[in-house]
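The values are calculated or read from the model by the stated rules, or taken from the named source; none is laboratory data. Everything quoted here is computed from the prediction, not taken from an experiment. Cβ atoms come from the backbone with ideal geometry, glycine included; neighbour counts cover every protein chain shown.
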Amino acid sequence: MAPLCRYLPIAALILGLAAILPLAPALGNGITQVTVYPDRANVVREQTVELDAGEGVVRIPALPARLNPESLRVRAEGAGGVRLQHVETRTVHGRDLAHPGERALAEALRTAQDERRNLSDGRQAQTLKLGFIERLSENAGAVEPALSPEQWHRAWGLIGDGALDTLEQIARIDKDLRDVDAEIARIERELNALRTDRRDSVEAGVHYHADAAGTALITLEYEVPGATWAPRYEARLDTDGATLEWVQRAEVRQNTGEEWHDVVLYLSTSRPALGGSLPEMQSWFIDIAPPHRAPQRREADALGMMAAPAPVMDKAVLETTGFTSQYRVPGRVSLPADNRQQRFLLATESHAVELSARAVPALSTDAYLFAETVFEGATPMLPGTVNLFQDGQLAGQTRVGTVAPGAVLRLAFGVDDRIEIRHELDRDITGREGLLRRQQKLERGYRFTLNNRHDRALNVTVLDRLPVPRDERIKVELSPGSTLPAERDVDGRLGVLAWTTELQAGGEEEIRFGYVVSWPEDVETIHGLEPFWR
């Protein structure tokens, strides 16, 4: 279809023709399918119409004001020989709010405000009545000085009853005012969350030619902003069965200006906002600076030459994160256009896991329970928040990044109180050594004692670190007698060591870890050793 902007210069002509061509009446239908992206939605709307033979126009009103005209696509099925000629859109300026939810809330707010005004008027009337009773009681003697005691008694009773009834009325009105004020505040909160203040809408005109009269189904497809979705996960660990139930949900919200009622809902991981073009890597030039340039200027120029390609590199990194897939929400779905979060179940999977404990005694003597499995999903797992449950109890919350099928998924389920760890300083020596080449030396040693109070064996991993020198004059070695680590530079972190042991039920094991740092005597300060060197 040609871009709609082609028809904008002849909008007046189109409107004139539309007044002459017969208008096909719309019989019903509505939104049938929606695909939600992270920042927008693609909407499919169906309209059943009666077409006359020859040329005519189908008017489809009340489309959202933020509809992207360039995305509008139309097709027709039904009446014999129907051919679509072109489509135009126009903005319809309205008096009332276009958003149905906003319109209903605004009407509810007006009703509540009218009720408050009536209550306030009633309270003012009761206040005037009470003032009259007070003045009557103050001036009663001057009005009727010859009343007998019995008459005075009856008069005071009438005044007292009237005052009491009036005060009760004021108290009831005050309570009703508090209730209606709370209702007004609630409506205003919802209205502020939803507020668009849009009173315009879009109307589409579909021009057609039909060989014969009959019924046709017109399908419109268009993009509209104001919709989003994000994955939310639950990880439910059963420690007895060593299984992990993985629950995937989608959190969807929309404020597009249209109600989605009983629609087929798809959730796409595609990101249209990034576009379809790969950023171009620009050339990076370096050169010998002329001798007359000052050093400061040379540094500034070098920084300037390097700064130019930086934004392109940032965009390229973002491009590499995407895997596109699409989920269909089971059944049919209704989502009001109120921007409220709604969650839908996408999938539930069960995985066998390996249980282990991990600890960093230098930072905390608590051991954390970990469950590890291989992610076997058909599509990559998107980044999102994970609620963690251990044996039915909430264990905390974490966040996972993108996990590809076949990758390892490792989750921590909080502190394991049945793994006890003691962390003790075993050796702390500073001094100098050597005759010809004097060296300064720092030696520290630690002892980790692990106890398993479970009734089963469990793999336990202990993490610590060696100092990493940035100068070749600094030497770092494991101390003699240290337990050899199972892994060095864990997860690419230089100097981080890991010891893994299978700790039997009720068992105890000891890990020794120490290091020696040495450097020439003429080097006075080693950055990073300040807490230990003296």
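Can you tell me which condition Thr365 does not meet? The list is (1) in a strand (DSSP E or B); (2) surrounded by 12 or more Cβ atoms within 10 Å (Cβ to Cβ); (3) free of Cβ contacts under 8 Å to residues at least 60 places away in the same chain; (4) not charged (D, E, K, R), and all the others hold. Here Thr365 meets the rest and fails (1).
Taking the criterion of being surrounded by 20 or more Cβ atoms within 10 Å (Cβ to Cβ) and either touching a Ser or Thr at 6+ places or on another chain (Cβ under 8 Å) or among the hydroxyl-bearing types (Ser, Thr, Tyr) (or both), the residues of segment 446-461 that qualify are Tyr446, Leu450, Leu458, Val460. Looking at Gly81, is it at pLDDT 75 or above, in contact with an Asp or Glu (Cβ under 7 Å, 6 or more places away or on another chain) and on the phi > 0 side of the Ramachandran plot? When the stated conditions are applied, Gly81 passes them. If you check Arg45, Arg40, Arg73, Arg66 for being in contact with a helix residue (DSSP H, G or I) (Cβ under 8 Å, 6 or more places away or on another chain), modelled with pLDDT of 70 or more and basic (Lys, Arg), only one passes: Arg40. Just one of (1) outside any strand (DSSP E or B); (2) modelled with pLDDT of 90 or more fails for Ile511. It is (1).
With respect to being at pLDDT 90 or above, assigned by TED's automatic domain parsing to the domain that holds Pro480 and either more than 30 Å from Val476 (Cβ to Cβ) or surrounded by 14 or more Cβ atoms within 10 Å (Cβ to Cβ) (or both), Arg399 falls outside the description. Examine segment 415-432 for a residue that is in contact (Cβ under 8 Å) with a residue 24 or more places away in the chain, in a loop (DSSP other than H, G, I, E, B) and surrounded by 12 or more Cβ atoms within 10 Å (Cβ to Cβ), and state whether such a residue exists. Yes, the conditions are met somewhere in segment 415-432. Return the residue satisfying two criteria in turn: it lies in segment 239-256 and is part of a strand (DSSP E or B) and acidic (Asp, Glu), and of such residues it is farthest from the chain's Cα centre (by Cα). Result: Glu245. Scanning segment 255-291 for residues that are among the β-branched types (Val, Ile, Thr) and modelled with pLDDT under 65 turns up Ile286, Ile288. Name the residue that is modelled with the highest pLDDT, counting only residues in segment 433-445 that are basic (Lys, Arg) and loosely packed, with under 15 Cβ neighbours inside 10 Å. Only one residue fits best here, namely Arg438. Test Tyr208 against the stated conditions and say whether it is farther than 17 Å from Arg66 by Cα, buried (at least 17 other Cβ atoms within 10 Å of the Cβ), among the hydroxyl-bearing types (Ser, Thr, Tyr) and touching a residue at least 60 places away in the same chain (Cβ under 8 Å). Yes, satisfied. Would you call Ala498 surrounded by 14 or more Cβ atoms within 10 Å (Cβ to Cβ), in the same structural domain as Gly377 (by TED's automatic domain parsing) and in a strand (DSSP E or B)? Considered against the rule, which asks whether it is surrounded by 14 or more Cβ atoms within 10 Å (Cβ to Cβ), in the same structural domain as Gly377 (by TED's automatic domain parsing) and in a strand (DSSP E or B), Ala498 comes out as no.
Restricted to segment 372-382, and to residues that are part of a loop (DSSP other than H, G, I, E, B) and either out of contact with any strand residue (DSSP E or B) (no Cβ under 7 Å at 6 or more places or on another chain) or at pLDDT 90 or above (or both), which residue is nearest to Asp240 (Cα to Cα)? Of everything passing the filter in segment 372-382, Glu376 is nearest to Asp240 (Cα to Cα).
Please find, among Pro520, Pro485, Pro480, Pro467, the residue that is within 44 Å of the chain's Cα centre (by Cα) and surrounded by fewer than 18 Cβ atoms within 10 Å (Cβ to Cβ).
One residue alone meets the criteria, Pro467.
Checked against the criterion of being loosely packed, with under 15 Cβ neighbours inside 10 Å, at pLDDT 75 or above and not basic (Lys, Arg), segment 135-147 contains not a single residue that satisfies it.
Of all residue pairs spaced 6 or more apart or on separate chains, those with beta-carbon atoms under 6 Å, a first member in segment 160-171 that is among the hydroxyl-bearing types (Ser, Thr, Tyr) and a second member that is surrounded by 11 or more Cβ atoms within 10 Å (Cβ to Cβ) are Thr166/Gln126; Thr166/Lys129; Thr166/Leu130. Taken as a whole, the condition of being buried (at least 20 other Cβ atoms within 10 Å of the Cβ), at pLDDT 90 or above and farther than 30 Å from Asp39 by Cβ does not apply to Leu220. Being within 30 Å of Tyr446 (Cβ to Cβ) and without any contact (Cβ under 8 Å) to a residue 40 or more places away in the chain is true for just one of Val408, Val360, Val374. Which residue is that? Checking each option against the conditions leaves just Val408.
Filtered by the rule that a residue be charged (D, E, K, R) and either more than 26 Å from Ala367 (Cβ to Cβ) or in a loop (DSSP other than H, G, I, E, B) (or both), segment 433-468 gives Glu433, Arg437, Arg438, Lys441, Glu443, Arg453, Asp455, Arg456.
Among the residues of segment 196-238, those identified as assigned to a strand (DSSP E or B) and basic (Lys, Arg) are Arg232, Arg236. Listed conditions (1) more than 30 Å from Ser479 (Cα to Cα); (2) at pLDDT 90 or above are all met by Glu424, apart from (1).
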